[in-house]
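K.L.:
Once you've had a glance at the structure underneath, I'll fire off some questions.
The values are calculated or read from the model by the stated rules, or taken from the named source; none is laboratory data. Since this is a predicted model, take the numbers as computed values, not measurements. Positions of Cβ are generated from backbone atoms using ideal geometry, with glycine treated the same way; all protein chains shown enter the neighbour counts. Just the protein is used for accessible areas: all its heavy atoms, side chains included, with ligands, DNA and RNA removed. Shrake-Rupley method; radii C 1.70, N 1.55, O 1.52, S 1.80 Å.
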Amino acid sequence: MRIRIIFAGLLALGAAGGLRAQEAIAPTAPLITVPGLTPSPGANAVSLEAAQRAQELGFPSAAAALYREMLVQAGADHTTLTLALATALLDEGLAAEANDSLNTILIGRGAAWQLRSGLAAALSGRLDAAKAALAAIKPADLAPEDKSWYQYLQGLTAEAAGDMDKAKVFFAQAEALATSAQARARFLLKREQALLRSGPVSEADAERTRKNLDQLQGRQVSYGLARTYAAMLDTLGKRNEAVSVLRRLLLTLPPEERAEIDRTRLFLGLIAGAGEGPGRSALEELLDNGNDRDLQRVALQLLARASLRDPARAAFRRQLDRLIALPAPHAVLEDLLLYRAQLALGDKNYDQAEGDARALLQTFPGSPLKPQAYGVLTGSAWEQRRYRTAADNAAKARAELPAGPEHAQLGVLVAEAWFRARDYRSAADAYAAVLREPPAGVPTGDLMFQRVVAEIDGGTPATAATVLDELARDPRFDVVNRWKAEWNLARALQVDGRTAEAFERVSRLLAGGADAALPAELRARMAWLQAQLAAKAGHPDQTLKLVDALAASLDGVPTQLKTEIASSGALLRAEANFSLKRDADALANVAQLRKDFPRSDAAMYSYFDEAEHYARQDKAVEAQQLLTKLADDFPDNAYAPFALFQAALQAERRGQDTNLKEANKLIEGLITKYPTSELVFSARLKQGDLLRKLNQFPQAQRVYEELVNKYSQRPDVVLAQLALAECHNAQSASEPLHLENAQVLFEHVRDRVDAPLEARVEAGFNLGYLLARRGATAKAETVWWRDVVGEFLLKDDVAARLGDRGRYWMARTLLELGTLYEQQEKLEQAKEAWLLILRTKLPGEALAKARLARFNLPEAKP
């Protein structure tokens with residue numbers, strides 16, 4: 001199986017093709033959405049948290065934009081997001097748009113829908129519809145954050161009916177039931193806005209109020225009457241006169257009437273507008289010098305809403321900077337910090353956003369704004385793809401929240417952030433926690449699938465199998481996600497060398513029958529995988545039966561996939577016949593495959609299978625010719641450079657100098673014709689080996705030096721460094737400088753913790769051998785015993801990871817170490833070195849026994 005093994009080795013070095021290309025009809029089921037593609041549940045959770053935070057801080061238009069973005073995504077929870085969008089639109093005063101959004105919900109019009117529908121009706125002047133919605137609501141069915149809105153709706157209906165006293169009571173109850181200071185400020189604002197909508201007003205009403213105001217001028221009762229008169233003028237369309245009334249009132253109010261000053265400034269801001277002029281100035285003064293923190297938060301919200309774009313945004317930012325920098329802490333400093341953090345996050349000024357969020361957390365450790373501050377930190381980290389930090393901050397935000405929708409949604413964010421951070425163990429645990437509190441709008445089957453994938457990607461397919469079997473008993477695990485999970489697990493088991501187990505699982509799944517809900521494409525892929533696993537598990541007879549049955553699984557499958565499965569099935573049939581020694585049938589199969597599907601991946605791969613067949617029969621010439629034919633006939637195919645590489649290996653295999661030169665020529669042709677191929681590194685490395693075999697060491701040295709310099713960032717550049725060290729070592733007899741270079745490089749490779757274990761063991765052996773040649777036997781002993789045997793053989797966990805090549809070099813190390821001890825007359829230590837080969841079952845057992853036999857040890861006897 002020489003060609004296939006080498007080919008797989010190339011894949012391990014990062015080259016495309018081979019096993020991946022052969023199995024291209026069945027790519028691994030999507031594990032998680034890549035940033036920039038269709039948003040995943042975690043990305044949606046970030047957007048949802050950002051929208052909720054924007055709405056709480058008084059940015060309803062920004063919240064509405066985020067909700068609309070999420071609504072157009074595939075698989076969006078239409079009902080939940082539409083209700084959230086309607087809330088933001090109502091908060092912005094866009095009742096008609098809110099009503100239009102609500103009307104897109106046709107099923108599930110529960111208490112939350114009736115509440116928002118009633119609010120939209122009340123704000124649009126449709127009193128009967130508002131009352132009907134109220135009557136349909138059972139308060140017990142409302143979420144805690146909706147109960148204040150329910151009181152507000154009752155206040156609106158009372159106001160519309162002309163009962164202002166009753167309306168004021170309901171508005172006060174709405175404030176009292178608010179779940180946060182920001183929500184309380186929002187309802188306080190709505191109360192003041194409702195007072196401005198004082199119902200029908202006539203010129204006569206306004207004139208009577210003016211006369212009463214003139215008579216009561218200077219008395220405390222006149223303060224509220226002046227604001228009422230201003231509201232009437234505003235209703236009559238006389239905004240400038242209303243503004244003048246309020247500005248005169250502010251000039252005459254005594255300084256000690258701080259509460260009246262605060263309310264008047266708020267009224268002035270509401271009537272004149274927060275965008276610019278006297279209205280904005282009044283709100284800025286209220287925020288700067290106000291006495292009522294709730295009213296200051298209202299001013300902050302109004303200024304924020306009016307500051308979405310420059311120059312207002314820049315002015316608002318400057319005001320925040322000034323207030324936060326005051327020597328004495330501002331009364332609502334924690335709110336100011338959060339607003340500035342939110343602005344900075346929107347501007348992608350991540351340092352500022354994170355600095356303000358951390359300042360809030362450090363200065364106000366008991367603040368109710370901690371979840372929002374952690375939300376800013378989470379959003380900042382997520383946008384910068386610092387997913388580990390995002391997971392940590394989202395978990396902290398979640399810990400500050402009670403059980404509920406936002407708490408559950410943040411659980412998904414935590415899990416996906418860990419997954420994106422490639423901390424699959426933490427991701428698997430987080431997904432398990434999410435499944436105990438699944439959020440609305442995210443299919444539970446998707447979360448179950450992600451948990452299995454996290455276990456798989458964490459390198460624990462056995463655990464993944466146990467988890468998958470447990471989840472399979474849960475009715476929430478839908479058939480599509482179940483089969484996708486089985487697909488991923490089967491592929492992971494195959495990579496883990498447990499092909500038989502993978503085959504058994506897939507066969508058991510298929511034997512259970514396919515659910516009608518299962519897409520034909522997934523069913524066909526799984527049937528193909530079963531056939532492929534049968535082949536890998538060494539069951540060629542069963543492979544042939546499964547390939548014959550593949551045609552029945554292709555009904556309803558897209559044409560392209562049907563072609564890929566058919567061509568790949570034909571390849572599996574040929575491979576099975578090769579395994580059964582039915583060479584004539586196999587060769588007929590590949591010929592028919594190339595005729596029926598001439599440019600398919602399966603047809604290309606059939607050349608490698610046939611070449612491997614010739615190589616097993618020691619027909620290297622035929623194998624080389626076939627591989628060269630593939631490259632000549634299909635020069636633009638992705639397999640062409642692989643074919644040239646394999647052809648070079650077949651030429652090398654023949655061993656004569658002429659063959660080695662021919663192999664070098666093929667390698668040079670590959671590099672020249674396909675300079676961007678991922679095989680170039682491996683090809684150059686092989687070229688250096690060929691030149692060494694031709695005793696052309698200076699030329700080989702230049703090849704290796706080019707690789708070391710050009711590919712310094714590749715993890716496997718260590719192989720070129722090791723080869724270069726060996727090249728210097730081979731030339732050291734004639735030039736001492738080569739010896740120094742070889743020693744430095746061997747030490748470098750031995751000490752690289754990111755290098756393959758086999759390379760480090762080989763470098764350690766060569767380093768010790770070099771030192772022994774130079775007469776530094778004490779140093780050679782230290783390198784061999786401490787740095788090679790001690791590090792890579794006596795540590796059980798490391799020794800278990802040594803491959804065949806590493807074990808070969810370990811055996812050579814112990815043989816030479818024993819010889820060194822024998823030369824130093826340390827016979828007991830020499831015996832122990834050779835006995836260690838036997839105890840650890842390393843290669844070289846016969847040599848070790850031959851040396852031990854000289855001491856008549858029982859272990860040395862057959």
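K.L.:
In the stretch 792-808, is there at least one residue being surrounded by 17 or more Cβ atoms within 10 Å (Cβ to Cβ) and more than 39 Å from the chain's Cα centre (by Cα)?
P.N.:
yes
K.L.:
Going by the structure shown, is Val480 in contact (Cβ under 8 Å) with a residue 40 or more places away in the chain, open to solvent by 20 Å² or more (accessible area, probe 1.4 Å) and under 29 Å from Gly42 (Cα atoms)? Quick ask: steps written out before the conclusion?
P.N.:
Details: in contact (Cβ under 8 Å) with a residue 40 or more places away in the chain: yes; open to solvent by 20 Å² or more (accessible area, probe 1.4 Å): yes; under 29 Å from Gly42 (Cα atoms): yes.
Yes: the conditions hold for Val480.
K.L.:
Report yes if some residue within the stretch 361-380 is at negative phi and touching a Gly at 6+ places or on another chain (Cβ under 9 Å); otherwise report no. If you could, list the steps in order and put the result at the bottom.
P.N.:
So the first thing to find is which residues in the stretch 361-380 are at negative phi, and the list is 361-380.
Going one step further and asking which of them are touching a Gly at 6+ places or on another chain (Cβ under 9 Å), we end up with none.
Looking for residues that are at negative phi and touching a Gly at 6+ places or on another chain (Cβ under 9 Å), one finds none in the stretch 361-380, hence no.
K.L.:
Within the group Leu195, Leu115, which residue is part of a helix (DSSP H, G or I), aliphatic (A, V, I, L, M), at pLDDT below 90 and open to solvent by less than 60 Å² (accessible area, probe 1.4 Å)?
P.N.:
On inspection, the qualifying residue turns out to be Leu195.
K.L.:
Looking at the structure I just gave you, is Thr543 under 32 Å from the mean Cα position of the chain (by Cα), modelled with pLDDT of 90 or more and either open to solvent by less than 40 Å² (accessible area, probe 1.4 Å) or among the polar types (S, T, N, Q) (or both)?
P.N.:
Working: under 32 Å from the mean Cα position of the chain (by Cα): no; modelled with pLDDT of 90 or more: yes; either open to solvent by less than 40 Å² (accessible area, probe 1.4 Å) or among the polar types (S, T, N, Q) (or both): yes.
When the stated conditions are applied, Thr543 does not pass them.
K.L.:
Taking Leu134 as the residue in question, decide whether it is in contact with a helix residue (DSSP H, G or I) (Cβ under 7 Å, 6 or more places away or on another chain), part of a helix (DSSP H, G or I), among the aliphatic types (A, V, I, L, M) and crowded, with 22+ Cβ neighbours inside 10 Å.
P.N.:
Working: in contact with a helix residue (DSSP H, G or I) (Cβ under 7 Å, 6 or more places away or on another chain): yes; part of a helix (DSSP H, G or I): yes; among the aliphatic types (A, V, I, L, M): yes; crowded, with 22+ Cβ neighbours inside 10 Å: no.
For Leu134, the condition - in contact with a helix residue (DSSP H, G or I) (Cβ under 7 Å, 6 or more places away or on another chain), part of a helix (DSSP H, G or I), among the aliphatic types (A, V, I, L, M) and crowded, with 22+ Cβ neighbours inside 10 Å - is not met.
K.L.:
With respect to the numbered conditions (1) closer than 22 Å to Ser47 by Cβ; (2) touching a residue at least 40 places away in the same chain (Cβ under 8 Å); (3) open to solvent by less than 30 Å² (accessible area, probe 1.4 Å); (4) more than 16 Å from the chain's Cα centre (by Cα), which one is the sole condition not fulfilled by Ala440?
P.N.:
Going through the list (1) closer than 22 Å to Ser47 by Cβ; (2) touching a residue at least 40 places away in the same chain (Cβ under 8 Å); (3) open to solvent by less than 30 Å² (accessible area, probe 1.4 Å); (4) more than 16 Å from the chain's Cα centre (by Cα), Ala440 breaks only (3).
K.L.:
Inspect all residues belonging to the stretch 659-682 and state whether any of them is open to solvent by less than 20 Å² (accessible area, probe 1.4 Å), closer than 22 Å to Arg750 by Cα and not polar (S, T, N, Q).
P.N.:
yes
K.L.:
Here is a further query. Give the residue, chosen from Asp392, Asp446, that is crowded, with 17+ Cβ neighbours inside 10 Å, in a helix (DSSP H, G or I), modelled with pLDDT of 95 or more and over 13 Å from the mean Cα position of the chain (by Cα).
P.N.:
Working: Asp446 fails: modelled with pLDDT of 95 or more.
Sole residue among the options that is crowded, with 17+ Cβ neighbours inside 10 Å, in a helix (DSSP H, G or I), modelled with pLDDT of 95 or more and over 13 Å from the mean Cα position of the chain (by Cα): Asp392.
K.L.:
Which pairs turn up if I take residues in the stretch 448-459 that are closer than 19 Å to Arg476 by Cα and look for partners that are small (Gly, Ala, Ser) and open to solvent by 10 Å² or more (accessible area, probe 1.4 Å) with beta carbon separation below 8 Å, at least 6 apart in sequence or on another chain?
P.N.:
Pairs found: Arg451/Ala432.
K.L.:
Condition first: open to solvent by 10 Å² or more (accessible area, probe 1.4 Å) and not in a loop (DSSP other than H, G, I, E, B). Now tell me which residues in the stretch 621-640 satisfy that. Can you show your working first?
P.N.:
As a first pass, look at the stretch 621-640 and keep what is open to solvent by 10 Å² or more (accessible area, probe 1.4 Å): 621-622, 624-626, 628-629, 632-638.
Listed by number, the residues that qualify are Val621, Glu622, Gln624, Gln625, Leu626, Thr628, Lys629, Asp632, Asp633.
K.L.:
Free of Cβ contacts under 8 Å to residues at least 40 places away in the same chain, more than 30 Å from Val479 (Cα to Cα) and buried (at least 16 other Cβ atoms within 10 Å of the Cβ): is that true of Leu593 in this structure? Break it down stepwise before answering.
P.N.:
On the way: free of Cβ contacts under 8 Å to residues at least 40 places away in the same chain: yes; more than 30 Å from Val479 (Cα to Cα): yes; buried (at least 16 other Cβ atoms within 10 Å of the Cβ): yes.
Against the criterion (free of Cβ contacts under 8 Å to residues at least 40 places away in the same chain, more than 30 Å from Val479 (Cα to Cα) and buried (at least 16 other Cβ atoms within 10 Å of the Cβ)), Leu593 qualifies.
K.L.:
Okay, moving on. Among Leu361, Leu303, which is the only one that is in contact with a Lys or Arg (Cβ under 9 Å, 6 or more places away or on another chain), at pLDDT 95 or above and either of a type outside the set (Phe, Trp, Tyr) or in a helix (DSSP H, G or I) (or both)?
P.N.:
Values: Leu303 fails: at pLDDT 95 or above.
Answer to the check: Leu361.
K.L.:
Could you please let me know if Asp262 is under 27 Å from Arg248 (Cβ atoms) and not basic (Lys, Arg)? Outline the logic, then answer.
P.N.:
Working: under 27 Å from Arg248 (Cβ atoms): yes; not basic (Lys, Arg): yes.
Here the answer is yes, as Asp262 does meet what is asked.
K.L.:
Which of the residues belonging to the stretch 228-253 are open to solvent by 30 Å² or more (accessible area, probe 1.4 Å), modelled with pLDDT of 90 or more and not in a helix (DSSP H, G or I)?
P.N.:
Lys238
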